[in-house]
1. Name the single residue that is nearest to the chain's Cα centre (by Cα) among those in segment A:50-75 being farther than 29 Å from residue A:194 by Cα and within 8 Å of chain B (Cβ to nearest Cβ).
2. Tell me, which residue of segment B:38-62 that is touching a residue at least 60 places away in the same chain (Cβ under 8 Å) and in contact with a strand residue (DSSP E or B) (Cβ under 8 Å, 6 or more places away or on another chain) is nearest to the other protein chains (Cβ to nearest Cβ)?
3. Would you pick out the residues in segment B:83-111 that are facing chain A (nearest Cβ under 7 Å), assigned to a helix (DSSP H, G or I) and more than 27 Å from residue B:5 (Cβ to Cβ)?
4. What do you reckon, is residue A:160 more than 14 Å from chain B (Cβ to nearest Cβ), more than 16 Å from the chain's Cα centre (by Cα) and farther than 21 Å from residue A:91 by Cβ?
5. Could you go through segment B:1-11 and let me know if any residue there is outside any helix (DSSP H, G or I), without any contact (Cβ under 8 Å) to a residue 12 or more places away in the chain and exposed (fewer than 15 other Cβ atoms within 10 Å of the Cβ).
6. Looking at (1) within 14 Å of chain B (Cβ to nearest Cβ); (2) within 17 Å of the chain's Cα centre (by Cα); (3) over 14 Å from residue A:192 (Cα atoms); (4) surrounded by 22 or more Cβ atoms within 10 Å (Cβ to Cβ), which one does residue A:140 not meet, given that it meets all the others?
7. If residue A:86 satisfies every condition in (1) away from every other protein chain (no Cβ under 14 Å); (2) within 21 Å of the chain's Cα centre (by Cα) but one, which is the exception?
8. Quick one: is residue B:94 buried (at least 16 other Cβ atoms within 10 Å of the Cβ) and over 21 Å from the mean Cα position of the chain (by Cα)?
């Protein structure tokens, strides 16, 4: 009778194979590009590991009004290194008009591309949540956010079955994306209110994203355009990866 | 039988490399925001537990005039940062997590092997009779007089040495891993008890820092003892093993 031994070598090979399976459970085109950079490979491993090991769509902790803290504003529209004078001028004009002419477009792999004005967003069912904003720098702050679940917007436009990512474009010229698990998460909202008032300019007026299970920089400010895609889009020179930053920051 | 087992020698150097990388990248991350807090959240506009003068970000003061969120002017405020801070977290954070993966996998193998192979029981965990006050006192006196035993190139270890290894393996290392995980918003969404256990994100970050300080002190003492007891002999024992 042939005996099956669990040798050390076999155990190591089995372990490596299952790790590989973990990382490659997705097709390469649905993972962020690494450009051969070991650090970005580590980010991708963290992404695959967290998506594989952490159970489904758990909600982050929500706090009470008594827990609200002061809230620094960093990377405001004035100081972003990427912002162009032309774009800043457009933003200033919209801001001067109380954002009545501002439109948020949703396009890409959707049944009907369309735009939303701020009033149209406010007419949709809203969600208010008091959550902790965790900055990659090391500080954190608790704020109350009111807005439309991104899921509602995506369902209104009708996302196609092949869709995998949602890409965001901002007035300060950033391009960033999240996967559908984060996009459809109940606490992922397009926030137009903060601490009971309209979202202040320095916190991303008129509308910012809240992605509560990732670091603060994924919660993009000053949104104007949303594109649903089938494949990963790293935003090129305006995205995190080519600027040397992790795309997935659940850690 | 003395000498280090091969799996101990291999994990020792993998863990050394990842620990040094974690310390290097961790210090970079701390330099970006050298303020530590107690509780759920904290930032430049709230009081710090303490601040470390380790980068140009220390008390930089580059803030616009604050505006209160509510009619109560003593309540939460907002302010725009005007100061261009030191921030190399693009590589710092990613390197930290890459090194953390290299700590967690070999670390888990080391823990399981040590637990079930008898290494911890026979060599690391102090025996009851070694904890007798006079034994501990004698070992302590020897250390204070800088009169350590000559290198044996592996176990058996003295009682203080065992206590130090036990502290690192069973207290400091698990604590630094768990507080690290508590700083991950995706992890605490799935396992919110971590935030309750450590008293919030801000507290977890501070405990993470103190666990680092404890490990740093251990490494310093460890290296001093290795050098004092015979560097060449000890290095040979932990590499080629004899």
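Every read-out reported here was derived from the displayed coordinates using simple, explicitly stated rules and does not represent laboratory data. This is a predicted model, so every value here is computed, not measured. Methodologically, a virtual Cβ is constructed for each residue, glycine included, from the backbone with ideal geometry; neighbour enumeration extends over all protein chains shown.
1. A:50
2. Filtering segment B:38-62 for residues that are touching a residue at least 60 places away in the same chain (Cβ under 8 Å) and in contact with a strand residue (DSSP E or B) (Cβ under 8 Å, 6 or more places away or on another chain), the one nearest to the other protein chains (Cβ to nearest Cβ) comes out as B:41.
3. First, the residues of segment B:83-111 that are facing chain A (nearest Cβ under 7 Å): B:87, B:89-91, B:93-95, B:97-98, B:101.
Checking which are assigned to a helix (DSSP H, G or I) leaves us with B:89-91, B:93-95, B:97-98, B:101.
Across segment B:83-111, the qualifying residues are B:89, B:90, B:91, B:93, B:94, B:95, B:97, B:98.
4. Details: more than 14 Å from chain B (Cβ to nearest Cβ): yes; more than 16 Å from the chain's Cα centre (by Cα): yes; farther than 21 Å from residue A:91 by Cβ: yes.
Yes.
5. The first filter runs over segment B:1-11 and keeps only residues outside any helix (DSSP H, G or I), leaving B:1-5.
Narrowing further to those that are without any contact (Cβ under 8 Å) to a residue 12 or more places away in the chain: B:1.
With the extra rule that they be exposed (fewer than 15 other Cβ atoms within 10 Å of the Cβ), the set shrinks to B:1.
The answer is yes, given that some residue of segment B:1-11 is outside any helix (DSSP H, G or I), without any contact (Cβ under 8 Å) to a residue 12 or more places away in the chain and exposed (fewer than 15 other Cβ atoms within 10 Å of the Cβ).
6. (2)
7. (2)
8. Details: buried (at least 16 other Cβ atoms within 10 Å of the Cβ): yes; over 21 Å from the mean Cα position of the chain (by Cα): no.
Taking the combined requirement at face value, the residue does not satisfy it.
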